[in-house]
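Everything below concerns the one structure shown next.
The values are calculated or read from the model by the stated rules, or taken from the named source; none is laboratory data. None of the values given here were measured: they were computed from a predicted structure. For neighbour counting, all protein chains shown are included, and Cβ atoms are generated from backbone atoms with ideal geometry for every residue, glycine included.
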Amino acid sequence: MAGRRRGRIGGGVEVLDSIYSVVALVFILVACVELGDAATAVDVYRLIQYDIAGVPYGSRLAGLNHHAGASFFAPGADLSRTVVMMPVRELNLTFLREYIISNQPLGGLLLLLPEKVGNRIVGKIKSKDDGLMRNILVELEQLLIHANIPYPVYFAFEDDKINAVLADVRRNDATGQPPMATTGGYKLLVSIPEPKRVSSPTITNIQGWLPGLKGDGDTNQLPTIAVVASYDTFGAAPALSVGSDSNGSGVVALLEIARLFSRLYSNPKTRGRYNLLFGLTSGGPYNYDGTLKWLRSFDQRLRESIEYAICLNSIGSWKNELWIHVSKPPENAYIKQVHESLSDVANELGVTIGIKHKKINISNPRVAWEHEQFSRLRITAVTLSELSAAPELLESTGGLHDTRDSLDEAAVYRTIRLVAESLAKHIYGHQGRNIQIFADNSSLAINPFYISAWLDLLSRAPRVAPFLSKTDPIISSLKKELSDHTVELHVQHETIDGMFSFYDSTRATLNVYQVASVAFDLLLLLALGAYLILLFSFLVLTTRGLDDLINLFRRPPSRKVKAA
Amino acid sequence: MTVFHFFNCAILTFGPHAVYYSATPLSEYDTIGTSAKAAAVYLGTALVKLVCLATFLKESENGNFDPYQELLKVLINFIDVAGLYFALTQLTHRNISQNHKFQAVGLGWAFADSVLHRLAPLWVGARGLEFTWEYVFQGLEANANLVLNLSLAALGSLMWLRKNKPRILIPIIYACAGVLATMPSITRLHTTSYVLILVLFEKSFGMAACKGGGL
């Protein structure tokens, strides 16, 4: 401003230069200003995108820039340019299944999950609605995981802001005006880089070793008992797959058992004559790939010294019945022994243990239980689980429904009691005797606060293996905890079996804008043009007179005559 | 759509100034120099006002009406009047008639006011995807502000530039000038409508006074 004034009065060339630099600076500043704020910004989580042996599954796109709609049936709506927002409660699953399978076009899908409530609902009576919601989520998840969807699918939690937007969109739909570029409405925008394949998804196996007491002059290798649990999950929304029951409960049980036995083994007088091997494996949902690689890394002597292995899988919400799954026939001596020792303790606790036998088919690559990987290498193993039937691929791997409130801490407590007592009775040779090694109110009591603290932590940490880096906080916590309870810790990093590939971009921010249509702006332009013309005419009329106004529109003909 | 909306609101905010300049005889007499000088004086006035406000006003704790603070705000608004006085009387203008002088000064003043107060929010806000009526209202306010400033300049010229004023009108002129000047310059829509009504009255009054006083 001052430069311009000086320039007007009598400035020089240098002044002009400074003006140019100031103007340039202003342009740069102006260009850096962010475009206006959204009405609402919401955290959204994308549906998983993965391939199995080159066959694509999940949602194949990430970026979203379309108008919001509230139903599939709005008349005249162009669904290929609309994002349908729908609460999961009101979803019609059969219709959705048909829609997806028949590859009908859609701009995008935004599914609203029920509001995130606090994690701890200890003692709260679970309503019937919770069970219904759980079933819907399970079915929805299975549908979405196994479909190939060519448009973006996002999950968000219902809250006041987005409910207000949804109500508005519904109102607009009800008036019969579908949202298009010319009619205004809400626009949903997710700007996220295009999803790229995760280059080498790693799985991290953590093992802890508690050596037993070798007597003097005892040259033979002590027998080993292994306790194993897989800690990673898989679900429709990888950023939300916390897998509290599958398999957070197993992990917590393993950690507590490790803690109890580390107390026993810390004193040479109470150290048993068995080595204990604790394994936290990854790659569970992908046919227990991690377990296989972990076992292959054992040396021959260790493998031969394993007497038996107990795998823990989903032990967090059972009431009276637990299942042992085996691949060797139940009449096998070792299996019988394990079953009996568990049943003895179960009887004391007042619960029953059933046994289920599923033969391994070597030619079938599907591995439904963790113990099958052991059995393929001729190690006796059983899986302890509340599930009575073998899950299919990518089923029961922890997902949207598997949150902290689906757990019963008492069930985890009972399982720990079961496994720890039977292990201790076996190790110390007290089978059949009526004693309680880990009695309540003793120094070896099972600690319920430890259990609930670890369950809380695991329920806040999504653990889908390809998106867990080697140095992820949850892996570091597990490593530290296991190393506290064991003498020797060993970590193994592997890549997931090449059959599975994953794509990133799992979470984003959704911006909701309320937009006016083009027609509105055009109308505004016309109105403004009319206003300015009127103003102009009015001013000319009042200050110069009517003749001047008319003269403005008449070209003086005399000039043309002169030129000719 | 969004740059389109910005364009629309910019036309609404700054168009009337350009139209006023080109439609009235101001353009024939090439009074742009006067307007530019008035704009510069407005800049200086705004700076002084800001400094005074920052120095003397205290942040109100509970939002109650504090007469002392309001009085201070009114006094600081008089700096506006002082600036206008300076622009009208102290600056050297080319040989243009009284009638055109006050129009040019008022126009320059209003244009500077619009640019300073409304250009930046317009640029930042109206270009986004989100639609609000705010910027259209702001444009309407700029229009009302133009009329207000022209009236103020008219009253100012009546007060300070004219030597032969009709006796009866003098106290009325000063009273109207006082009321207009002490109007709180906070931008709100109801204030704008109030301003519109008052300004229309003043404009017609000013015009009548000019014609009556003879030029």
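Within region B:68-87, is even one residue within 13 Å of chain A (Cβ to nearest Cβ) and within 19 Å of the chain's Cα centre (by Cα)? Within region B:68-87, not a single residue is within 13 Å of chain A (Cβ to nearest Cβ) and within 19 Å of the chain's Cα centre (by Cα).
Region A:442-555 holds strands (runs of 3 or more DSSP E) entirely within its bounds, and those carrying 2 or more residues that are modelled with pLDDT under 90 map to A:507-515.
Selection of region A:14-65 for residues being assigned to a loop (DSSP other than H, G, I, E, B) and at pLDDT 75 or above yields A:L47, A:I48, A:A53, A:G54, A:R60, A:L61, A:A62, A:G63. Among the residues of region A:67-82, the one identified as assigned to a strand (DSSP E or B) and either at pLDDT 90 or above or among the polar types (S, T, N, Q) (or both) is A:T82.
Per the listing A:S385, A:S406, A:S375, the residue uniquely polar (S, T, N, Q), over 25 Å from the mean Cα position of the chain (by Cα) and either assigned by the TED database to the domain that holds A:D245 or more than 26 Å from A:I145 (Cα to Cα) (or both) is A:S375.
Within the option set A:F520, A:F538, being at the interface with chain B (Cβ under 9 Å from one of its Cβ atoms) and surrounded by fewer than 17 Cβ atoms within 10 Å (Cβ to Cβ) holds for one residue only, A:F538. Taken over region A:497-517, the criterion of being away from chain B (no Cβ under 14 Å), out of contact with any helix residue (DSSP H, G or I) (no Cβ under 8 Å at 6 or more places or on another chain) and among the β-branched types (V, I, T) is satisfied by A:T509 alone. Name the residues in region B:40-59 that are among the aliphatic types (A, V, I, L, M) and closer than 12 Å to B:D113 by Cβ, would you? Listed by number, the residues that qualify are B:V41, B:L43, B:A46.
Inclusion of A:K128 among residues that are modelled with pLDDT under 90, surrounded by 15 or more Cβ atoms within 10 Å (Cβ to Cβ) and not polar (S, T, N, Q) is not warranted.
Are any of the residues in region A:339-348 buried (at least 20 other Cβ atoms within 10 Å of the Cβ) and under 30 Å from A:S476 (Cβ atoms)? Within region A:339-348, not a single residue is buried (at least 20 other Cβ atoms within 10 Å of the Cβ) and under 30 Å from A:S476 (Cβ atoms).
Here A:Y308 does not fit the description of being closer than 27 Å to A:D232 by Cβ, within 28 Å of the chain's Cα centre (by Cα) and modelled with pLDDT of 90 or more. Sort out which residues of region A:263-287 are part of a loop (DSSP other than H, G, I, E, B) and either among the small types (G, A, S) or in contact with a Ser or Thr (Cβ under 8 Å, 6 or more places away or on another chain) (or both), and write them in order of number. Within region A:263-287, A:G272, A:Y274, A:S282, A:G283, A:G284, A:P285 meet the criteria.
Name the single residue that is farthest from the other protein chains (Cβ to nearest Cβ) among those in region A:482-496 being surrounded by fewer than 19 Cβ atoms within 10 Å (Cβ to Cβ) and hydroxyl-bearing (S, T, Y). Going through the qualifying residues, I end up with A:S483.
The numbered conditions (1) in a helix (DSSP H, G or I); (2) more than 23 Å from A:G279 (Cα to Cα) are all true for A:V412 except (2).
Residue-by-condition table, conditions (1) in a helix (DSSP H, G or I); (2) in contact with a helix residue (DSSP H, G or I) (Cβ under 7 Å, 6 or more places away or on another chain):
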| position | (1), (2) |
| --- | --- |
| A:R303 | yes, no |
| A:Y308 | no, yes |
| A:C311 | no, yes |
| A:I315 | no, yes |
| A:K319 | no, no |
| A:H325 | no, yes |
| A:P329 | no, no |
| A:K336 | yes, no |
| A:S341 | yes, yes |
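The set of residues in region B:1-42 that are more than 9 Å from every other protein chain (Cβ to nearest Cβ), of a type in the set (S, T, Y), part of a helix (DSSP H, G or I) and buried (at least 20 other Cβ atoms within 10 Å of the Cβ) comprises B:T13, B:T34, B:S35, B:Y42. For region A:356-381, a residue qualifies if it is of a type in the set (A, V, I, L, M) and in contact with a Phe, Trp or Tyr (Cβ under 7 Å, 6 or more places away or on another chain), and the qualifying residues are A:V367, A:A381.
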